[in-house]
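Step one of this worksheet: look at the structure below.
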Amino acid sequence: MTDDADTGRSDSRAAHAEHPSMHDRARFILFWAWMVLIFGGLAVMITLPLAGR
Amino acid sequence: MRRFLQDNGLSLSFLAIFLLSLIGQSVAGWFDENEQLAEHGQVAVSYGHFVTSSSFLVDVAENWQSEFLQFFLFIFATVWLIQRGSPESKKPGHAGPGTRKEQRMGRFARAGSPRWSAAGGVREWAYANSLLIVMGAVFLLSWFAQSLGGMAALNEQNAQHGQAALTWLEYIVAPDFWNRTLQNWQSEFLAVGAMVTLSIYLRQQGSSQSKPVGASHAATAEEST
């Protein structure tokens, strides 16, 4: 708290500290969004030519 | 929401420019395809037909495979090889996977370490190599996708010229497959080599990919902080 006294950011940091799991969850969802994008894209690129497109 | 955007700006901005580029590629490719069809007196195809066609998919896949190969090789090479002076390299004398203590594995795991970093056995091995495994898997799958799409696109062209269709085994040794493959590989290897070497002497203030502006040219990544 004292470290941030000069910047006036202590309140916002304290508020974030109360919800660390929310940000962890958002980052985890972002990771899986990329995985779904990549492997979903691969599934499309493999299946369509096999289906004769 | 603002905090989420600040904390994840790098991945979100690349996600956005990836999607915009892919849409741009599909639209430009569709126009190009229809121009070529018109030159041959053939009927234009719909956008939906084009984006599900092998000629579009092979162009996407051949770029994906080379990008993931680039990262796969770079991750593997930076375990074992050193480039003195480069921020992309470990310190000279530190080639290899590192000790379990350095890697915070097993009994050296700390509070907050991922569970599998201390799981032992196959799980610990898989987690310790998970980035390389996933990058390698995406490379192989997208290279396989390129081979399927490329074969279908080439066979369509061959059919129009009354030529016989190639099997998959014939296609993967055909010039078309290797021309598409190697034209992408050469540019990736050039870019990685350039990044490793140019960053010895050149700087970008504020970038995690650069040494600090005032760091010595001889200092490798970890020595320069």
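Would you mind counting up the charge near residue B:171? Only other residues with Cβ under 15 Å from its Cβ, with Lys and Arg at +1 and Asp and Glu at -1. For residues surrounding residue B:171, the net value is -3.
Note on surface exposure: B:90, B:211, B:101 rank B:101, B:90, B:211 by accessible area, highest first, 1.4 Å probe.
Computed with every protein chain present, the accessible area of residue B:7 is close to 80 Å² [probe 1.4 Å]. For residue B:211, the lysines whose Cα falls under 24 Å of its own Cα, not counting residues fewer than eight places away in the same chain, are B:90, B:91.
Taken residue by residue and averaged, Cβ atoms of other chains lying within 10 Å of the Cβ of B:47-56 number 2. The 1.4 Å probe gives accessible areas that order B:71, B:50, largest first, as B:71, B:50. Counting only Cα atoms, the stretch B:2-66 measures 55, 25, 15 Å along its principal axes, largest extent leading.
Residues whose amide H lies under 5 Å from that of residue B:220, counting only those 5 or more places away or on a different chain, are B:85; hydrogens are built 1.01 Å from N in the peptide plane.
Compare B:140, B:57 by solvent-accessible area with a 1.4 Å probe and give them largest first, with all protein chains kept in place.
Ranking B:140, B:57 by accessible area, largest first, yields B:140, B:57.
Applying 1/(1 + (r/R0)^6) with r as the Cβ-Cβ distance of residue A:28 and residue B:183 and R0 = 41 angstrom yields a FRET efficiency of 0.65. Calculated accessible area for chain B comes out at 62 Å² per residue, all protein chains present (probe 1.4 Å; ligands, DNA, RNA ignored).
In order along the stretch B:197-203, the phi-based Karplus estimate (6.51 cos²θ - 1.76 cosθ + 1.60, θ = phi - 60°) of 3J(HN,Hα) comes to 7, 5, 6, 5, 10, 9, 10 Hz; Gly and Pro are listed as x. Note on residue B:133: accessible area approximately 80 square angstrom, rounded to 10, probe 1.4 Å, nucleic acids and ligands left out. Each residue was assigned an accessible area with a 1.4 Å probe, and for residue B:132 the value is about 40 Å². Shown here for the stretch B:108-181: trypsin sites (Lys or Arg not before Pro) in loop regions (DSSP other than H, G, I, E, B) with at most 11 other Cβ atoms within 10 Å, namely B:110.
For the stretch B:13-154, the fraction of 1.4 Å probe accessible surface lying on carbon and sulfur atoms is 66 percent. Other residues lying with their Cβ under 13 Å from the Cβ of residue B:28 contribute a combined charge of -4, Lys and Arg counting +1, Asp and Glu -1. If you run the Gaussian network model on chain B, springs between alpha carbon atoms under 10 Å, then out of B:207, B:86, B:55 the most flexible one is B:207.
Net charge in the neighbourhood of residue B:158 (other residues with Cβ under 14 Å of its Cβ; Lys, Arg +1, Asp, Glu -1) is -3. Chains A and B together bury some 2000 Å² of accessible area, summed over both sides, with a 1.4 Å probe.
The values are calculated or read from the model by the stated rules, or taken from the named source; none is laboratory data. This is a predicted model, so every value here is computed, not measured. Cβ: placed from backbone, ideal geometry, glycine included. Neighbour counts: every protein chain shown. With ligands, DNA and RNA removed, areas are computed over all heavy atoms of the protein, side chains included. Shrake-Rupley method; radii C 1.70, N 1.55, O 1.52, S 1.80 Å.
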